[in-house]
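The values are calculated or read from the model by the stated rules, or taken from the named source; none is laboratory data. As the structure is a prediction and not an experimental result, all values here were calculated from the model. All Cβ positions, even for glycine, are placed from backbone atoms using ideal geometry, and neighbour counts span all protein chains on display. Surface areas here come from the heavy atoms of the whole protein model, side chains and all, with no ligands, DNA or RNA. Shrake-Rupley method; radii C 1.70, N 1.55, O 1.52, S 1.80 Å.
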Amino acid sequence: QRRYGYYVFPVWEGARAMDLPVIVPIAVGLACGLLAGLINGALVAYTKIPPFIATLGMMVSARGVARWWSNGQPVTFGILSWPGQNPAVVFVVLAILFHVIMTKTLYGKRCYAIGSNEAAARMSGINVDRHKVMVYSMAGLLAAVAAVLLTSKNLTAQAGMGVMYELDAIA
């Protein structure tokens with residue numbers, strides 16, 4: 001469906017469908033990933049919850065919210081396929097972007113410092129807790145990018161998509 005020069009897809013609100021530009025669900029998905037990463041970062045940095053427990057709790061919570069929001073039903077997109085057509089291109093662009101960020105910016109240098117020796121980074125004046133929140137937020141955003149690519153490739157979103165992927169990541 002094409003209207004006004006941009007693609008739209010129907011979003012059901014009660015008994016009627018609204019047409020939204022395709023960028024809206026993508027932006028909402030990315031914002032949700034960023035928010036989840038922000039919450040994870042705050043839990044890890046400020047409450048000192050172990051990272052594995054915080055991220056595992058967020059995963060379970062996000063799946064529960066997704067199942068509740070969708071009433072356990074798959075959500076199908078007819079034309080959200082364009083981001084998922086070339087995931088390799090997205091990967092290459094992000095790899096180049098993050099190579100530059102990690103090697104040429106203060107953010108990247110602080111990431112390496114904290115990863116090498118957190119106590120030394122703290123002693124050198126880096127606000128480690130604030131930086132951890134930024135790193136977790138970025139990780140949440142990148143996870144959302146992966147989710148958008150997976151959803152657009154499959155043309156559907158389900159609360160159970162990605163189940164057991166966490167074990168692949170751990171392994």
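Data overview
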item: Odd one out for Arg130 among (1) over 26 Å from Met161 (Cβ atoms); (2) open to solvent by 80 Å² or more (accessible area, probe 1.4 Å); (3) without any contact (Cβ under 8 Å) to a residue 12 or more places away in the chain; result: (3)
item: Members of the stretch 148-161 found to be buried (at least 19 other Cβ atoms within 10 Å of the Cβ) and either in contact with a Cys (Cβ under 9 Å, 6 or more places away or on another chain) or not in a helix (DSSP H, G or I) (or both), listed by number; result: Ala157, Ala159
item: Of all residues in the stretch 31-57 being open to solvent by less than 50 Å² (accessible area, probe 1.4 Å) and closer than 20 Å to Leu149 by Cβ, the one that is nearest to the chain's Cα centre (by Cα); result: Gly33
item: Residue list for the stretch 19-51, filter: assigned to a helix (DSSP H, G or I) and out of contact with any helix residue (DSSP H, G or I) (no Cβ under 9 Å at 6 or more places or on another chain); result: Ile23, Val24, Ala27, Val28
item: Single match in Arg110, Arg122 (criterion: within 28 Å of Ala42 (Cβ to Cβ), out of contact with any strand residue (DSSP E or B) (no Cβ under 7 Å at 6 or more places or on another chain) and buried (at least 17 other Cβ atoms within 10 Å of the Cβ)); result: Arg110
